[in-house]
1. Kindly indicate whether Asp72 is of a type in the set (Asp, Glu) and surrounded by 14 or more Cβ atoms within 10 Å (Cβ to Cβ).
2. For residues that are out of contact with any Ser or Thr (no Cβ under 9 Å at 6 or more places or on another chain), at pLDDT below 85 and of a type in the set (Ser, Thr, Tyr), scanning just the stretch 37-69, find the one that is surrounded by the most Cβ atoms within 10 Å (Cβ to Cβ).
3. Within the stretch 149-160, can one find any residue that is among the hydroxyl-bearing types (Ser, Thr, Tyr) and crowded, with 18+ Cβ neighbours inside 10 Å?
4. Taking the stated definitions as given, is Phe67 closer than 18 Å to Leu241 by Cβ, touching a residue at least 60 places away in the same chain (Cβ under 8 Å) and not charged (D, E, K, R)?
5. Please verify whether Asn81 is assigned to a loop (DSSP other than H, G, I, E, B) and buried (at least 17 other Cβ atoms within 10 Å of the Cβ), treating the condition exactly as stated.
6. Among the residues of the stretch 88-101, is there at least one that is under 30 Å from Met173 (Cβ atoms), among the polar types (S, T, N, Q) and either in the same structural domain as Val176 (by TED's automatic domain parsing) or in contact with a Leu (Cβ under 8 Å, 6 or more places away or on another chain) (or both)?
7. State all residues of the stretch 118-128 that are surrounded by 10 or more Cβ atoms within 10 Å (Cβ to Cβ) and assigned to a helix (DSSP H, G or I); if no residue qualifies, say none.
8. Hey, Arg106 hits all of (1) farther than 30 Å from Ala161 by Cβ; (2) modelled with pLDDT of 80 or more but one; which does it fall short on?
Amino acid sequence: MSAPTETALGLTESRSATGRALKVLTYLLVLVVFAGPLLALLVSAFNHVKDPTQLSVIPSDPTVDNFTVAFDQGVLTYLLNSFFVVGFGLLLQVAVSVLAGYALARKRFRGMTLAFVAILATLMLPEEILAIPLSVVLADLPVVHVNLIGSLAGMIVPVGAWAFSILVMTEFMKEVPRELEEAARIDGAGDLRIFAQIILPMCKPALGVIGVFGFTMIWDQYLLPLLVATDSSSYTLPLALRTLRIDPLVTPGVVMAASLLALLPSVIVFLFFQRSFVHGLSSGALKG
């Protein structure tokens with residue numbers, strides 16, 4: 001019988017046949033719990049499913065009719081609306097995050113602590129509390145007095161600033177050596193050049209992190225489109241899924257097909273930015 005080995009946490013790990021069997025069973029249980037629903041979603045999207053209790057992870061009679069019906073229900077329009085909102089919303093969010101992060105990390109100004117606390121406080125407020133004030137503001141945007149209700153712009157402007165992304169950029173920019181900034185100033189570089197050519201290139205891992213999290217946050221928005229959209233032509237895909245689900249003429253297979261379309265972009269973005277995302281998280285862990 002093999003002697004137990006010590007794990008990184010100081011626990012003992014048995015190398016016996018019983019220990020290995022328990023480990024395999026644990027891994028299988030975790031795999032079923034986390035991957036089972038995703039596999040059922042994938043299989044059901046290509047199956048004729050008329051009863052939601054008949055979802056299965058075993059393919060039977062594969063078909064693409066669910067996607068055809070979903071496109072007939074306007075899912076392609078909702079998908080394009082989602083891409084439009086997440087594209088412009090993410091660009092605005094990244095721009096605001098890097099500029100705000102630079103100001104908080106590299107500058108000193110009166111009221112900076114108050115501004116930082118106010119940004120942090122927005123993470124502690126549930127979306128439901130902000131729903132009514134947000135709808136009032138969007139109905140009459142301050143200063144310009146423009147009504148954004150019923151337009152895709154009303155879904156883009158509120159996601160332009162996200163406290164999480166600002167905090168991530170702030171902490172990464174704080175770790176950039178000030179000696180580099182001082183050397184650039186001696187060479188005659190101004191704030192804009194230092195920001196664009198020194199600070200920002202060294203924060204590429206952080207950009208990967210806020211890009212992945214920002215995309216997912218905007219893509220999964222449900223309450224905001226619900227407040228802004230006044231007709232189905234401006235629905236995003238997460239909001240349209242509710243309409244499809246309560247439609248008695250739409251089968252569960254069609255809903256699963258639309259749900260798969262809603263899931264794929266987030267998975268693709270994560271896979272595409274996986275290296276930057278993991279590098280950004282590991283860099284933050286090492287700095288912490």
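The values are calculated or read from the model by the stated rules, or taken from the named source; none is laboratory data. Quantities reported herein were computed from a predicted structural model and do not represent experimental measurements. Heads up, the Cβs are rebuilt from the backbone with ideal geometry, glycines too, and the neighbour counts pull from every protein chain shown.
1. Considered against the rule, which asks whether it is of a type in the set (Asp, Glu) and surrounded by 14 or more Cβ atoms within 10 Å (Cβ to Cβ), Asp72 comes out as no.
2. Ranking the candidates gives Thr63 first.
3. Looking for residues that are among the hydroxyl-bearing types (Ser, Thr, Tyr) and crowded, with 18+ Cβ neighbours inside 10 Å, one finds none in the stretch 149-160, hence no.
4. For Phe67, the condition - closer than 18 Å to Leu241 by Cβ, touching a residue at least 60 places away in the same chain (Cβ under 8 Å) and not charged (D, E, K, R) - is met.
5. no
6. Yes, the stretch 88-101 contains at least one residue that is under 30 Å from Met173 (Cβ atoms), among the polar types (S, T, N, Q) and either in the same structural domain as Val176 (by TED's automatic domain parsing) or in contact with a Leu (Cβ under 8 Å, 6 or more places away or on another chain) (or both).
7. Residues satisfying the conditions are Ala118, Ile119, Leu120, Ala121, Thr122, Leu123, Glu127.
8. (1)
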